[in-house]
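Visitor: What follows is a single structure, and I will ask about it in a moment.
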Amino acid sequence: MKKEWKLLLEELSKQILEDEWIKEDIEEEQVHSNWLGYAPATSKQINSKEKQLGVVLPSSYKEFLLTTNGFRYVDFLLDNLYPVEEIDWVSKLQPEWVAMFETMQQEQTNTVTDEDYFHYGPKQDPVHCREYYFKDCLQISDWFDGAICLLNPLVKNEGEWEVIYYALGKQEPVDTGLFGSLLKH
């Protein structure tokens, strides 16, 4: 599986680096190597973070970290997937944001049905968003141009946590909820 990750990330790096605007923002070494990743995380680093967080991270995300401990530019809105040392709960990293969404939830009169919420993919209506999940999510990226990537342990698919790609006020849970789907998106 690690080999599949490496191939996927090499292809993603190549695609992203075709854009001249992004090349200006990246160190020459990464441009010349055609690699936007970093050295792999160790199992010890991942185990330490899991202990700190009190959870077992999803296997697809751990496989990603064992291939590259973070990644620059997933697409034009999503920059800098964190190394394992920087991931943490949204409630810890973004307390103001959590307070804002909790206020919004109290004022909200309608709820999103499971049928609407779990309609993943390009035809998903971003209006069908459950912001109240955000406080319990793991933040795995920087905010960049109004976009962020979260892992939601409250919604699981095949043992994996739901991936939430939240961009410009638009929530897009990605396809099957598997972390790898984000990078193929």
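The values are calculated or read from the model by the stated rules, or taken from the named source; none is laboratory data. Please read all numbers here as calculations on a predicted model, not as lab measurements. Heads up, the Cβs are rebuilt from the backbone with ideal geometry, glycines too, and the neighbour counts pull from every protein chain shown.
Visitor: Anything in the range 1-24 that is in contact (Cβ under 8 Å) with a residue 12 or more places away in the chain and closer than 25 Å to Glu85 by Cβ? List them, or say none.
Guide: Selection gives Met1, Lys2, Trp5, Lys6, Leu8, Leu9, Glu10, Leu12, Ser13, Ile16, Ile22.
Visitor: So in the range 1-18, with the set limited to residues that are in contact with a helix residue (DSSP H, G or I) (Cβ under 7 Å, 6 or more places away or on another chain) and buried (at least 18 other Cβ atoms within 10 Å of the Cβ), which one is farthest from Ser60 (Cα to Cα)?
Guide: Leu17
Visitor: When you go through (1) surrounded by fewer than 19 Cβ atoms within 10 Å (Cβ to Cβ); (2) touching a Pro at 6+ places or on another chain (Cβ under 7 Å) one by one for Gly70, which number turns out not to apply?
Guide: Checking Gly70 against (1) surrounded by fewer than 19 Cβ atoms within 10 Å (Cβ to Cβ); (2) touching a Pro at 6+ places or on another chain (Cβ under 7 Å), the one that fails is (1).
Visitor: Now, a different point. Residue check: is Lys123 modelled with pLDDT of 75 or more, out of contact with any helix residue (DSSP H, G or I) (no Cβ under 7 Å at 6 or more places or on another chain) and either assigned to a loop (DSSP other than H, G, I, E, B) or at negative phi (or both)?
Guide: Against the criterion (modelled with pLDDT of 75 or more, out of contact with any helix residue (DSSP H, G or I) (no Cβ under 7 Å at 6 or more places or on another chain) and either assigned to a loop (DSSP other than H, G, I, E, B) or at negative phi (or both)), Lys123 does not qualify.
Visitor: Residue check: is Ile22 over 27 Å from Trp89 (Cα atoms) and not in a helix (DSSP H, G or I)?
Guide: No: the conditions fail for Ile22.
Visitor: What is the residue count in the range 27-80 for residues that are in a loop (DSSP other than H, G, I, E, B), under 15 Å from the mean Cα position of the chain (by Cα) and closer than 21 Å to Glu10 by Cβ?
Guide: 11
Visitor: Can you name the residue in the range 151-185 that is in a loop (DSSP other than H, G, I, E, B) and among the aliphatic types (A, V, I, L, M) and, of all such residues, is modelled with the lowest pLDDT?
Guide: Selected residue: Val174.
Visitor: What are the residues in the range 70-87 that are touching a strand residue (DSSP E or B) at 6+ places or on another chain (Cβ under 8 Å) and either among the polar types (S, T, N, Q) or on the phi < 0 side of the Ramachandran plot (or both), if any?
Guide: Across the range 70-87, the qualifying residues are Phe71, Arg72, Val74, Leu77, Leu78, Asp79, Asn80, Leu81, Tyr82, Ile87.
Visitor: Further, regarding this structure: Mind listing whichever residues of the range 81-98 are modelled with pLDDT under 95 and assigned to a loop (DSSP other than H, G, I, E, B)?
Guide: Scanning the range 81-98 gives a single hit, Gln94.
Visitor: When only residues in the range 26-41 that are without any contact (Cβ under 8 Å) to a residue 24 or more places away in the chain and of a type outside the set (A, V, I, L, M, F, W, C) count, which is surrounded by the most Cβ atoms within 10 Å (Cβ to Cβ)?
Guide: So the residue we want is Ser33.
Visitor: Which ones in the range 148-164 are more than 21 Å from Glu85 (Cβ to Cβ), touching a residue at least 24 places away in the same chain (Cβ under 8 Å) and in contact with a Ser or Thr (Cβ under 8 Å, 6 or more places away or on another chain)?
Guide: Gly159, Glu160
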